[in-house]
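Taking it in order: structure first as structure tokens, then the write-up.
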Amino acid sequence: MANPLRRRSPLDISPAAKLVSYVLLIGWSFIVLFPLYWLAVTSLKLPVDVDRGPFYLPFVDFQPTLAAWRNILFELGDDTLRPYVNTIVVGLSSAGLALVLGSTAAYALVRFTYRPRVGLIALGAVCVAAAYGAILGGVPWQLAAVSGVAVFALLAQAVARRSRGTLANDDIAFWLISQRILPPIAIVIPLYVLFQQVGLLDTQLALVLTYVAANVPIVVWLMRDYFMALPVELEEAAAVDGASVYRIVRSVVLPIAVPGLVATFLITLIFAWNEYLIAVVLSSAKAQTMPLLVAAQDATRGPQWWAMSVLVLIMIVPVIIMAVVLERYISRGILVGAVKG
């Protein structure tokens, strides 16, 4: 008779180890899921139940009610709907644009060779700084932008001839990734002045542009490693058959890169969805997002936890549903490139 406690293979673990693993996983699941349960329970309480609590079990410790839900969704309908729509528009738009720009840049850095001259990069930085200074000085932003481009075009050839230093692909990738070393909130005052001068303050476009600029380095970082793990032989075979670069990207690279693109999109969406510090500076009423609404919920009278629980739930539920629906893509996208051989 076979011994039920005997390990069947080197990869199999003993029953005692399995029991310990299950206990640890159940305990960790409780720790992770209890805050969500507490949000849901708190949203069903009256203010008196929150103040006298804690109460954990509906119909046992307290009588549940939908008063907070009615207050947020119906009595304050417009005040809740506008930030919610702003969050959806800004989050999806910025995540989509960051994914397109960052993934194309990551693919180019993996498959093509670049040798930009240091002098041209320095000239471009000087032109951008000069244009920004002109905008702060009262010059119309359209005139400042055109003047900056014109000066760069006039001096580019002369600078290129005299500049000998060049950068490689790895240098460009490191520079892009290094942009995340500086927190975006550190430059929020210049951004505030810039958007104020061009008339974009308190608009969805200002938040979208800022979030795209902040999240493109993350997309490049994630997708560059992903593209490096894809077999280049498939692209070479398509090139031999006469496919153009765009056809190779559309028909070969994109289908096998879907898991990485989905995982990266969800990560950048979460960053934009939950962002608070930049939004609180660049927006007020018209472009207010859900994190600002949650933080400002009756701040003058103290936090109303029952109402804030409803706001947090309607804010996080769409992202949770999206993560559950796309789970198989996310797991594949995270694991690709983890094992190389």
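The values are calculated or read from the model by the stated rules, or taken from the named source; none is laboratory data. Quantities reported herein were computed from a predicted structural model and do not represent experimental measurements. Note that each Cβ is placed from the backbone with ideal geometry, even for glycine, and that neighbours are counted across all protein chains shown.
Quick check on my filter: what residues within segment 149-187 are over 24 Å from R115 (Cβ atoms) and either modelled with pLDDT under 85 or surrounded by 15 or more Cβ atoms within 10 Å (Cβ to Cβ) (or both)? Quick ask: steps written out before the conclusion?
So the first thing to find is which residues in segment 149-187 are over 24 Å from R115 (Cβ atoms), and the list is 150, 180-187.
Result: R180, I181, L182, P183, P184, I185, A186, I187.
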Filter segment 115-144 for residues that are in contact with a strand residue (DSSP E or B) (Cβ under 9 Å, 6 or more places away or on another chain) and outside any helix (DSSP H, G or I); which is surrounded by the fewest Cβ atoms within 10 Å (Cβ to Cβ)? R115
Only one of these conditions is not met by A95: (1) aliphatic (A, V, I, L, M); (2) over 30 Å from the mean Cα position of the chain (by Cα); (3) crowded, with 17+ Cβ neighbours inside 10 Å. Which number is it? (2)
Do we find a residue being farther than 30 Å from E236 by Cβ, at pLDDT below 90 and in contact with a Phe, Trp or Tyr (Cβ under 7 Å, 6 or more places away or on another chain) anywhere in segment 64-73? yes
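Is there a residue in segment 169-190 that is among the small types (G, A, S), closer than 30 Å to P83 by Cβ and not assigned by TED's automatic domain parsing to the domain that holds P83? Talk me through it step by step, then tell me what you get.
At the first step, the residues of segment 169-190 found to be among the small types (G, A, S) are 173, 178, 186.
Keeping just the survivors that are closer than 30 Å to P83 by Cβ gives 186.
Now narrow it down to the ones that are not assigned by TED's automatic domain parsing to the domain that holds P83: 186.
Looking through segment 169-190, at least one residue is among the small types (G, A, S), closer than 30 Å to P83 by Cβ and not assigned by TED's automatic domain parsing to the domain that holds P83.
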Could you give every pair whose Cβ atoms fall below 9 Å, whose first residue belongs to segment 230-257 and is polar (S, T, N, Q), and whose second residue is surrounded by 11 or more Cβ atoms within 10 Å (Cβ to Cβ), counting only separations of at least 6 or pairs across chains? S251/A238; S251/A243
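Based on this model, can you work out whether A279 counts as in contact (Cβ under 8 Å) with a residue 60 or more places away in the chain, out of contact with any strand residue (DSSP E or B) (no Cβ under 9 Å at 6 or more places or on another chain), surrounded by 19 or more Cβ atoms within 10 Å (Cβ to Cβ) and part of a loop (DSSP other than H, G, I, E, B)? So that I can check it myself, show each step before the final result.
Values: in contact (Cβ under 8 Å) with a residue 60 or more places away in the chain: yes; out of contact with any strand residue (DSSP E or B) (no Cβ under 9 Å at 6 or more places or on another chain): yes; surrounded by 19 or more Cβ atoms within 10 Å (Cβ to Cβ): yes; part of a loop (DSSP other than H, G, I, E, B): no.
Spelling it out, it is not the case that A279 is in contact (Cβ under 8 Å) with a residue 60 or more places away in the chain, out of contact with any strand residue (DSSP E or B) (no Cβ under 9 Å at 6 or more places or on another chain), surrounded by 19 or more Cβ atoms within 10 Å (Cβ to Cβ) and part of a loop (DSSP other than H, G, I, E, B).
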